[in-house]
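S.K.: Below is a structure I'd like to ask you about.
We did not get these values from a lab; they are worked out from the coordinates using the rules stated. As the structure is a prediction and not an experimental result, all values here were calculated from the model. Cβ atoms come from the backbone with ideal geometry, glycine included; neighbour counts cover every protein chain shown.
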Amino acid sequence: MCRKTRFRDRDGNAIYVGDIVSVDESPDKYVGGALSYDGVIEERSGKIYCTYYDIGEEESFPLSMFPKRGRYVLNEQERYEYWKTAMLGGEPNEELYKRELYAGKE
């Protein structure tokens, strides 16, 4: 089971390590160069990061740099689509997109 972080998304949902979260550095207005992407929540050296993955690419930013209103935990279908895309069209493992399997019950 993955652990719950101290962070919440814009709807008040708890964010767990392993969640797929859509983050936006500037959710209220357009700011050129502001970060906006879907990423995996990871813990590294005791800090929580949102890591962007692409083929051969990986970049992590602290989740704290994104305002609460700029965070959204993807639902089951959105997570399924995220992992299916990450696996280049292959079927993702159920544990990757079924949040209740890795996060436990609240």
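S.K.: Provide the descending list of Cα extents for region 53-103 along its principal axes, expressed in whole angstroms.
M.R.: Ordered largest first, region 53-103 gives principal extents of 32, 29, 16 Å.
S.K.: What ranking of 66, 61 emerges when the number of other C-beta atoms within 10 Å of each C-beta is taken as an exposure proxy, fewest first?
M.R.: Ordered from fewest to most neighbouring Cβ atoms within 10 Å, 66, 61 come out as 61, 66.
S.K.: Here is a follow-up. How much net charge surrounds residue 28 when only other residues with a Cβ under 15 Å from its Cβ are counted (Lys, Arg +1; Asp, Glu -1)?
M.R.: +3
S.K.: For the chain, set up a Gaussian network in which alpha carbons nearer than 10 Å are linked by springs, and say which option among 45, 60, 22 fluctuates the most.
M.R.: 45
S.K.: Could you please report the charge total around residue 71, scoring K, R as +1 and D, E as -1 over all other residues with beta-carbon less than 13 angstrom from its beta-carbon?
M.R.: Residues near residue 71 contribute -1 overall.
S.K.: Between residue 42 and residue 84, what length comes free when the chain is fully extended (0.36 nm per residue of separation minus the Cα-Cα distance, one decimal in nm)?
M.R.: 13.2 nm
S.K.: What is the distance, in nm, between label points placed 7 Å from the Cα along the Cα-to-Cβ direction at residue 60 and at residue 102?
M.R.: With each label placed 7 Å out from Cα toward Cβ, I get 1.4 nm.
S.K.: What is the pair-distance distribution P(r) of region 4-103, computed from all Cα-Cα distances in 5 Å bins starting at 0, with each bin given as a whole percent?
M.R.: Over region 4-103, the share of Cα pairs per 5 Å bin runs 2, 13, 24, 25, 20, 11, 3, 1 percent.
S.K.: Something else about it: Please give the calculated 222 nm ellipticity per residue for the chain, where each DSSP H segment of at least 4 residues contributes -39500 (n - 2.57) and the sum is spread over every residue; nearest 500 deg cm²/dmol?
M.R.: -4500 deg cm²/dmol
S.K.: Same structure, new question: In a GNM of the chain with a 10 Å cut-off on Cα contacts, which of 49, 82, 30 has the highest mean-square fluctuation?
M.R.: In this elastic network of the chain, the residue with the biggest mean-square fluctuation among 49, 82, 30 is 30.
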